[in-house]
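Participant: Have a look at this one before I ask anything.
The values are calculated or read from the model by the stated rules, or taken from the named source; none is laboratory data. Owing to the predicted nature of the structure, the values given are computational and were not obtained by experimental measurement. A quick note on method: Cβ atoms are made from the backbone with ideal geometry, for glycine too, and the neighbour counts reach across all protein chains shown. The area values use the complete protein model at the heavy-atom level, side chains included, leaving out ligands, DNA and RNA. Shrake-Rupley method; radii C 1.70, N 1.55, O 1.52, S 1.80 Å.
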Amino acid sequence: MVRNTNRHFKFDWITIILFLLLAGFGWINIISASHIGDEINYFDFSQPYGKQLIFIFLTFALIVLLLAIDAKFYERFSSVIYIISMLSLMGLFVFGKNVNGATSWYGIGGMTIQPSEFAKTATALAVAKYVSDLNTNIKTFKDQIQVFIIIIIPAVLVLLQNDTGSTIVYGAFFFVLYREGLPKFYLNIGISLIILSILSLKFGGLITTFISGILIFGYYFFNRRKSNLLVFILAFLLSAGVSFGIKFFYNSVLQPHQKDRISLWLRLEKDPEKLERMKKTFAYNLNESEKAIGSGGFTGRGFMEGTRTTGKFVPEQHTDYIFSTVGEEWGFLGSSLVVIVFVLLLLRILHLAELQKSQFSRVYGYSVAAIIFVHFFINIGMVMGLIPTIGIPLPLFSYGGSGLWAFTILIFIFIKLDSNRINEW
């Protein structure tokens with residue numbers, strides 16, 4: 001029998017269009033956030049919007065390359081890509097360039113490259129490869145430890161470079177593993193630790209231990225026919241340890257600027273003078289961002305008409321605080337449309353992930369959605385003051401070649417994998 005060697009590919013244009021909408025509108029807002037003077041030369045490559053335009057043009061060449069590579073390449077060489085990415089992170093400790101306190105960049109001529117952005121894609125490929133292996137059973141403890149190691153290695157390397165924001169993103173992979181059968185136990189522990197940490201810092205270890213004790217043993221007595229008392233005692237001791245230990249971690253491990261940001265978020269500081277000093281330093285960006293968003297009203301002030309944006313009241317507004325430009329110039333209506341486009345992109349990726357015939361493609365698709373979601377959720381929440389200030393860009397929106405190219409690679413590898421779905425059995 002003669003085999004048909006012709007392969008057919010059908011790219012998902014909905015995902016591509018959503019990608020282009022976000023990248024294009026992001027560039028428009030970078031213009032507003034970074035222009036100087038009344039006249040704008042869109043091809044002034046000394047300005048952030050001019051540089052971003054170069055990055056966008058190079059992105060199209062990158063897309064062509066990503067879609068031209070055989071889909072199986074990404075699965076076969078996922079381990080090699082991961083190892084190379086980890087080596088690039090290690091190299092920063094020797095050759096890295098320090099920017100804003102983080103040694104996360106390589107200086108190449110007049111440009112800088114941030115390998116931690118690309119490491120997320122490499123980790124997504126490695127996780128997808130390991131989980132989809134025939135010998136892997138994510139429900140067994142041995143395989144859980146091994147996949148955790150794959151995730152923890154880049155997270156630790158990035159954390160040692162003082163890039164806390166990028167480190168947090170690696171928590172997104174636990175949602176992916178949960179979809180693939182990771183016991184709910186881990187998710188419950190993660191959520192419980194976050195809640196205990198917040199309550200302990202806000203109300204103290206003793207009160208938090210008392211509250212958690214009531215909840216734990218209350219649950220036991222309502223379900224004691226199905227429950228083991230020893231498990232609940234251990235849960236109580238663990239919660240007590242976390243409740244008192246988080247204060248030590250806060251005071252002795254975190255950097256001063258990290259403590260101040262958490263203190264401002266949870267309103268922990270009682271000294272009025274110190275609180276005012278903190279607001280003028282660490283909370284300045286946030287306060288100005290909130291004012292810019294609030295001044296936009298329902299429809300916004302219009303393109304390049306935002307007084308706080310044109311007045312440069314928000315430092316680095318074209319990077320992490322780009323959403324404040326959207327809020328001021330496009331108002332609630334424009335901000336809502338941006339959020340809707342992001343949600344549509346996430347839902348589309350999740351929908352396509354569920355359609356995949358291979359587990360590798362499905363796991364990778366969920367990884368893409370999880371990484372984008374964490375970036376989107378943290379950045380929007382940070383700009384609006386809902387969560388502590390964390391240096392993390394808004395995907396496809398914030399200025400920067402590394403971020404734009406990293407998310408392009410992340411998304412278009414999945415688009416290529418999805419296009420190969422019709423060729424898989």
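Participant: Among the listed residues Ser197, Ser166, Ser243, identify the single one that is touching an Asp or Glu at 6+ places or on another chain (Cβ under 8 Å) and not basic (Lys, Arg).
Facilitator: Checking each option against the conditions leaves just Ser166.
Participant: Let me ask something else. With respect to the numbered conditions (1) farther than 25 Å from Val326 by Cβ; (2) in contact with a Leu (Cβ under 7 Å, 6 or more places away or on another chain), which one is the sole condition not fulfilled by Phe412?
Facilitator: (1) is the only condition that Phe412 fails.
Participant: So, in segment 214-230, of the ones that are open to solvent by less than 90 Å² (accessible area, probe 1.4 Å) and modelled with pLDDT of 75 or more, which residue ends up nearest to Ile189 (Cα to Cα)?
Facilitator: Ile216
Participant: Still on this structure: Regarding segment 312-327, can at least one residue be identified that is over 24 Å from the mean Cα position of the chain (by Cα), under 22 Å from Trp27 (Cα atoms) and not in a loop (DSSP other than H, G, I, E, B)?
Facilitator: Just the residues of segment 312-327 that are over 24 Å from the mean Cα position of the chain (by Cα), to begin with: 312-313.
From the residues that got through so far, the ones that are under 22 Å from Trp27 (Cα atoms) too are 312-313.
Going one step further and asking which of them are not in a loop (DSSP other than H, G, I, E, B), we end up with none.
The answer is no, given that none of the residues of segment 312-327 is over 24 Å from the mean Cα position of the chain (by Cα), under 22 Å from Trp27 (Cα atoms) and not in a loop (DSSP other than H, G, I, E, B).
Participant: Does Phe342 satisfy the criteria of being closer than 30 Å to Tyr130 by Cβ, part of a helix (DSSP H, G or I) and open to solvent by 10 Å² or more (accessible area, probe 1.4 Å)? Spell out the reasoning first.
Facilitator: On the way: closer than 30 Å to Tyr130 by Cβ: yes; part of a helix (DSSP H, G or I): yes; open to solvent by 10 Å² or more (accessible area, probe 1.4 Å): no.
It is false that Phe342 is closer than 30 Å to Tyr130 by Cβ, part of a helix (DSSP H, G or I) and open to solvent by 10 Å² or more (accessible area, probe 1.4 Å).
Participant: Among the listed residues Gly385, Gly391, identify the single one that is open to solvent by 10 Å² or more (accessible area, probe 1.4 Å), at positive phi and not in a helix (DSSP H, G or I).
Facilitator: On the way: Gly391 fails: at positive phi.
Going through Gly385, Gly391 in turn, just one is open to solvent by 10 Å² or more (accessible area, probe 1.4 Å), at positive phi and not in a helix (DSSP H, G or I): Gly385.
Participant: If a residue must be open to solvent by less than 50 Å² (accessible area, probe 1.4 Å) and within 30 Å of the chain's Cα centre (by Cα), how many such residues does segment 236-249 contain?
Facilitator: Of the residues in that region, 6 qualify.
Participant: Give me the helices (runs of 4 or more DSSP H) completely within segment 135-233, filtered to those with at least 2 residues that are touching a helix residue (DSSP H, G or I) at 6+ places or on another chain (Cβ under 7 Å) and small (Gly, Ala, Ser), ordered by residue number.
Facilitator: On the way: elements: 141-160, 164-169, 173-179, 184-203, 205-222.
Those helices (runs of 4 or more DSSP H) span 184-203, 205-222.
Participant: Scan (1) assigned to a helix (DSSP H, G or I); (2) surrounded by 20 or more Cβ atoms within 10 Å (Cβ to Cβ); (3) of a type in the set (Ser, Thr, Tyr) for the single condition Tyr399 breaks and write down its number.
Facilitator: Here Tyr399 meets the rest and fails (1).
Participant: Can you find, within segment 265-313, the residue that is most open to solvent (accessible area, probe 1.4 Å) among those that are touching a helix residue (DSSP H, G or I) at 6+ places or on another chain (Cβ under 6 Å) and at pLDDT below 75?
Facilitator: So, considering only residues that are touching a helix residue (DSSP H, G or I) at 6+ places or on another chain (Cβ under 6 Å) and at pLDDT below 75, the one most open to solvent (accessible area, probe 1.4 Å) is Phe313.
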